[in-house]
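Following: one structure in structure tokens, then a few remarks.
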Amino acid sequence: MANYIFTTPVVEEGPSGQHRLFYFYKLKRGLTIARYGEDYYIGRWFNHDELEDADEYWLGGHEHEVTEETKDALIAGVDDVTEANFRAI
């Protein structure tokens, strides 16, 4: 069974600073995905207790090694996750 590197989805936020030139730039922020049973939740902010209660979670802005089974479940369960979020290793 193949393994994959999973990169979580991102959102762009801006402006990235106070000077007027920063209004042209946006920062990419990773979204965290948490699985509770069969349900997946995606968001920017999860506190420690929420992640501790999750069956599985993938922190935003990081790369995670996942199996093909997990890859298929993430694609089916989370709207923002596509094949583009995975790289075969």
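Readers should treat all values here as calculations from the given coordinates under stated rules, not as data from a laboratory. No experiment lies behind these values; they were computed from the predicted model shown. Using ideal geometry, Cβ is built from the backbone for each residue, glycine included, and neighbour counts are taken over all protein chains shown.
For this structure, a couple of remarks:
- For the stretch 40-89, the set of trypsin sites (Lys or Arg not before Pro) satisfying both a DSSP loop assignment and a count of at most 16 other C-beta atoms within 10 Å is given as Arg44.
- Over all other residues within a Cβ to Cβ distance under 14 Å of Leu59, the charged ones net out to -2, with Lys and Arg as +1 and Asp and Glu as -1.
- 0 to 90° range, to nearest 10: angle between helix 68-77 axis and the chain longest Cα axis: 60 degrees
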